[in-house]
Amino acid sequence: MTHIEPHPLKTIMDRASKLVKNQRDQQTLLFDIMNSKVNLAALADLPDADFLHDVNGIMQHMDRQTETLDDCFIPRAGISEHGAKIITHTP
């Protein structure tokens, strides 16, 4: 039998439901993640501290009117406008 890895977004949502306190509803969190310009696979694989930094920061800094992150927040699993990784994780 072949093992199929879950989609990174499912992994992110499952981890967030277990680790993130005071999270908004799942739909809002999904919207925030999908509009935050992060590398989903990188975010899914981050260590817990970096994962929490990104997810909490995304939820706190997402401007849902413009669908962008405000206050110069940069997720550690973020990607630049040109598609390059910004930061993978802290040591």
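The values are calculated or read from the model by the stated rules, or taken from the named source; none is laboratory data. Only a predicted model underlies this, so the values are computations on that prediction, with no experimental measurement involved. When we count neighbours, we look across all protein chains shown, and the Cβ atoms used for this are built from the backbone with ideal geometry, even at glycine.
Give the number of residues within the range 1-14 that are free of Cβ contacts under 8 Å to residues at least 40 places away in the same chain and buried (at least 16 other Cβ atoms within 10 Å of the Cβ).
So the answer is 3.
Output the number of residues of the range 45-75 satisfying the condition of being aliphatic (A, V, I, L, M), part of a helix (DSSP H, G or I) and touching a residue at least 40 places away in the same chain (Cβ under 8 Å).
The total comes to 2.
Any idea which of (1) modelled with pLDDT of 90 or more; (2) of a type outside the set (Ser, Thr, Tyr); (3) under 10 Å from the mean Cα position of the chain (by Cα) is the one Pro47 doesn't satisfy?
(3)
Examine the range 26-44 for a residue that is more than 23 Å from Glu5 (Cβ to Cβ), in contact (Cβ under 8 Å) with a residue 12 or more places away in the chain, among the basic types (Lys, Arg) and not in a helix (DSSP H, G or I), and state whether such a residue exists.
no
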